[in-house]
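Notes follow the structure.
Values in this text are rule-based calculations from the coordinates and carry no lab data. All values reported here derive from a predicted model rather than from experimental measurement. Positions of Cβ are generated from backbone atoms using ideal geometry, with glycine treated the same way; all protein chains shown enter the neighbour counts.
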Amino acid sequence: MLRLGTREFGDHEPVIMAIVNRTPDSFYDRGATFRDEPALDRVEQAVAEGAAIIDIGGVKAGPGNEVSAEEEARRTVGFVAEVRRRWPDVVISVDTWRHEVGEAVCEAGADLLNDAWGGVDPRLAEVAARHGAGLVCTHAGGAEPRTRPHRRAYEPAGDADGTGPSGVVEDILRVTLGLAERAVHLGVRRDGILIDPGHDFGKSTRHSLEATRHLGRLTETGWPVLVSLSNKDFIGETLDRPVKERLLGTLATTAVSAWLGARVYRVHEVAETKQVLDMVASIAGHRPVAVARRGLA
């Protein structure tokens, strides 16, 4: 069972986490939801299209202008409070690695702290425990926040020859499971913890493909797995497509991840993702068809 905020999600229930960037320089929307009203419109649309979680971020993941903890809080805390007021039942997640920001957004009503940089601030898990919030434990390959990977390599695993991305899956398992168990030890609710392989974070494109190919290794651990795939560079490089032409690749990767047992999907395009997840769930036998007429008359 996965429990976030007031919501409980069943074992075979796919969960959509919609991205709302409170940044002027997002790689995808270029600041479209930096101002309050467009951001609130985005939340309304995402909820209507089937998102159960709204993930609010005040700092873009990639390199760029310095954003202090105070500025990150200014961009997110008041917005979290307003989303909580307007949508009392939606799960509010905040994408941050800083414990100061985590403290402030939890006080404003956040239910989940999405630590995309893999515990670089160890006090963030303590904040989640203190407030009864959930926590995403991500593999970032040891990267510092807002840096891009450079010649990142992982120790070979098994009989690999050491020339490919072998070993990345073992490292993902070691790091995410370690972070999850540490969070439990600190008092974070076990049913509020997710693990994330961290596509693109501290990884080459081949590493991210390897992590996707072996996603079942993560889902078999019993921890609910979150995947953040939407329009990422590993999809762009795999298909040689710019950011605005990565939807099909994203949806294909989403379908594979769903078949391999991922539970939560952090996305830009909610409606399209929901159709993919519903289709996979029906093929797997976890969801009835919406309409059954063919061959019955």
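By definition, a body whose alpha carbon gyration tensor gives a ≥ b ≥ c is prolate when a/c is 1.5 or more and a/b is larger than b/c, and the range 68-181 fits this prolate description. Across all directions, the average projected area of the convex hull around the alpha carbons of the chain is 16.3 nm². Near Asp196, the amide H atoms lying under 5 Å from its own belong to Cys137, Thr138, His139, Leu226; only residues 5 or more places off or on other chains count, and H is placed 1.01 Å from N. Highest mean packing comes first when the peptides 131-140, 29-38 are listed by Cβ atoms within 10 Å, giving 131-140, 29-38. What does a probe at Glu155 reach in the range 170-188, counting residues whose amide N is under 18 Å from the point 7 Å along Cα→Cβ? Inside the label zone: 170-179. Taken one residue at a time, the phi angles of the range 49-59 give Karplus couplings (6.51, -1.76, 1.60, θ = phi - 60°) of 8, x, 6, 9, 10, 10, 9, 9, x, x, 9 Hz. Gly and Pro are set to x. Decide, for the range 181-297, between rounded, prolate and oblate: order the square roots of the alpha carbon gyration tensor eigenvalues as a ≥ b ≥ c, take rounded if a/c falls under 1.5, and otherwise choose prolate if a/b is larger than b/c, else oblate. Cα axes put the range 181-297 in the oblate bin.
For the listed peptides 189-201, 62-74, a ranking on the average number of other beta carbons within 10 Å per residue, highest first, reads 189-201, 62-74. Net charge in the neighbourhood of Arg3 (other residues with Cβ under 15 Å of its Cβ; Lys, Arg +1, Asp, Glu -1) is -2.
DSSP bridge analysis restricted to the range 2-284 gives an antiparallel fraction near 10%, rounded to the nearest 5.
Just order 42-48, 221-227 by mean Cβ neighbour count inside 10 Å, highest at the front, would you?
221-227, 42-48
Backbone geometry of the range 286-291 corresponds, through the Karplus equation with coefficients 6.51, -1.76 and 1.60 at θ = phi - 60°, to 3J(HN,Hα) couplings of 9, 9, x, 5, 6, 9 Hz, x marking Gly and Pro.
Rounding to the nearest 20 debye, state how big the charge dipole of the range 2-284 is about its Cα centre with +1 on each Lys and Arg Cβ and -1 on each Asp and Glu Cβ. Before the final figure, lay out each step's value.
Details: 34 positive and 44 negative charges, 16 e Å.
With only Lys, Arg, Asp and Glu charged at Cβ, the dipole is about 80 debye.
Per-residue 3J(HN,Hα) values for the range 174-190, derived from phi via the Karplus relation 6.51 cos²θ - 1.76 cosθ + 1.60 with θ = phi - 60°, read 4, 6, 5, 5, x, 5, 5, 5, 4, 4, 4, 4, 7, x, 5, 4, 4 Hz in sequence order (x marks Gly and Pro).
The range 1-136 gives an Rg/Rh value of 0.94, both radii derived from C-alpha positions and Rh following Kirkwood.
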